[in-house]
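First up is the structure itself, then whatever we jot down about it.
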């Protein structure tokens, strides 16, 4: 997997700044204040930084001084960051630094800035490139970053949980970016099993077990493919023993042709990202394990491939869910909800969670409604929804609450079964949420998050280059920290 850039932390060494051969980054403020490192660079470059500030350097600006006279560095990156910068401003400074760096090592002179850890997180999140299938081998040694600070051990300690979050986001991005001939249901499961090395308990439920459990809805989606359907359960039990966990459930359709309701050819290559919900769950579980979160969280993902074949489910077929409800399949391209409904039921029956969140690249309709700026949030518990929305806002991940209700559920009435899997074009993302709502047990706070518009984008996002964004890992990690972690008295 793509690993976040390597950081080392050291005391401020003014003499080293002039001899460093990569890129040197310094922080200044818009009113011209410089710390010792910036003043040293300013003297070495005969006042170049002061001239930048006089030229109108504003908070958030990033300027590059290439091949500075008097220094061994190939460039100096001058980042304008106020002393009392917000979290977002500090992360943006790190993002700006990541965009300028190229392939060079960086000496980041962060001094005693109070938000140094947030600068580091922004840098780590943006310093990503998916090169797994390019023949040129990236030079990992050229990606090292040395952080020069007045209290390096403290900055290291404060940064460690943020770097765990970055690694979780990278894991999600890697999964979403992988082509479907590489990320099969089997190789996806193998990557999750390997996370036992970082302390997760991982169990894989194979097709025979899924059939025994009665997961007819999930199995109907994958029956046209040669790739076996699976459910992978990841446990992180870092909270109080016996305390009800938070359940995270992800849709993992490793490739979605639409099945017999075949999608148009144009754009079908993007359906490698239809396992984005499972990717977010996996990345979040990785982050929680790496930072040793004091919470009980169960991550469950349904892994299938939706292919047309002589064995594939047909429009008009009736399948039976694990809950026992019969489902008329009107459109085989509305398959994600069939996967999720069985995994959600299993999660509740097996773990009796305190709350449950499902994530899925579920509908194109949510993109029509919210574009690529916000995920759609649907919930049976407004208080729980507000907690998530607060966490998403705090982490800069766009989310917007959408309605649910009986009128939308009525669109799913079937003539021949208990329910049908689509409710027509009107309010498509809401009727999809109402289909899932049917499988939420009374008393379980639940959130459904439709990430179809935010999981992978054609342009850069706040913290990621175009492609897989890793959206959701930061927000879910924050929600766990705010609402589900054991507090020390």
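Please verify whether the range 73-82 includes one or more residues that are touching a strand residue (DSSP E or B) at 6+ places or on another chain (Cβ under 7 Å) and under 14 Å from residue 146 (Cβ atoms). Checked against the condition, which is being touching a strand residue (DSSP E or B) at 6+ places or on another chain (Cβ under 7 Å) and under 14 Å from residue 146 (Cβ atoms), the range 73-82 yields at least one hit. Does residue 243 qualify as being touching a residue at least 24 places away in the same chain (Cβ under 8 Å), over 21 Å from the mean Cα position of the chain (by Cα) and outside the structural domain of residue 121 (by TED's automatic domain parsing)? It is true that residue 243 is touching a residue at least 24 places away in the same chain (Cβ under 8 Å), over 21 Å from the mean Cα position of the chain (by Cα) and outside the structural domain of residue 121 (by TED's automatic domain parsing). For residue 161, the conditions (1) surrounded by 14 or more Cβ atoms within 10 Å (Cβ to Cβ); (2) farther than 18 Å from residue 461 by Cβ; (3) touching a strand residue (DSSP E or B) at 6+ places or on another chain (Cβ under 9 Å) are fulfilled apart from (3).
Listed by position, the strands (runs of 3 or more DSSP E) contained in the range 269-336 that have at least 1 residues being on the phi < 0 side of the Ramachandran plot and within 29 Å of the chain's Cα centre (by Cα) are 296-306.
Restricting attention to the range 142-152, does a residue exist that is closer than 25 Å to residue 456 by Cα and assigned to a helix (DSSP H, G or I)? The answer is yes, given that some residue of the range 142-152 is closer than 25 Å to residue 456 by Cα and assigned to a helix (DSSP H, G or I). Listed by position, the helices (runs of 4 or more DSSP H) contained in the range 372-489 that have at least 2 residues being touching a residue at least 12 places away in the same chain (Cβ under 8 Å), within 23 Å of residue 239 (Cα to Cα) and in the same structural domain as residue 297 (by TED's automatic domain parsing) are 382-394, 473-479. It is to be established whether one or more residues within the range 305-316 are within 28 Å of residue 169 (Cα to Cα) and either buried (at least 24 other Cβ atoms within 10 Å of the Cβ) or in the same structural domain as residue 451 (by TED's automatic domain parsing) (or both). Yes, the range 305-316 has at least one match. Among the candidates 102, 129, the residue that is in the same structural domain as residue 19 (by TED's automatic domain parsing), under 20 Å from residue 4 (Cβ atoms) and under 19 Å from the mean Cα position of the chain (by Cα) is uniquely 129. Is it the case that residue 352 is out of contact with any helix residue (DSSP H, G or I) (no Cβ under 8 Å at 6 or more places or on another chain), surrounded by fewer than 23 Cβ atoms within 10 Å (Cβ to Cβ) and within 14 Å of residue 301 (Cα to Cα)? So residue 352 does not fit the description; no.
Of everything in the range 442-463 that is surrounded by fewer than 22 Cβ atoms within 10 Å (Cβ to Cβ) and in contact with a strand residue (DSSP E or B) (Cβ under 9 Å, 6 or more places away or on another chain), the residue that is nearest to residue 326 (Cα to Cα) is 444. Look at residue 132 and say whether it is out of contact with any strand residue (DSSP E or B) (no Cβ under 8 Å at 6 or more places or on another chain) and free of Cβ contacts under 8 Å to residues at least 60 places away in the same chain. So residue 132 does not fit the description; no. Just one of the listed residues (337, 286) is under 18 Å from residue 478 (Cβ atoms), in the same structural domain as residue 263 (by TED's automatic domain parsing) and touching a residue at least 60 places away in the same chain (Cβ under 8 Å), and it is 286.
Residues considered: 37, 73, 21, 108. Of these, the only one that is buried (at least 23 other Cβ atoms within 10 Å of the Cβ), under 19 Å from residue 143 (Cβ atoms), over 28 Å from the mean Cα position of the chain (by Cα) and modelled with pLDDT of 90 or more is 73.
The values are calculated or read from the model by the stated rules, or taken from the named source; none is laboratory data. Worth saying up front: this structure is predicted, and the values here are computed from it rather than measured. Cβ atoms come from the backbone with ideal geometry, glycine included; neighbour counts cover every protein chain shown.
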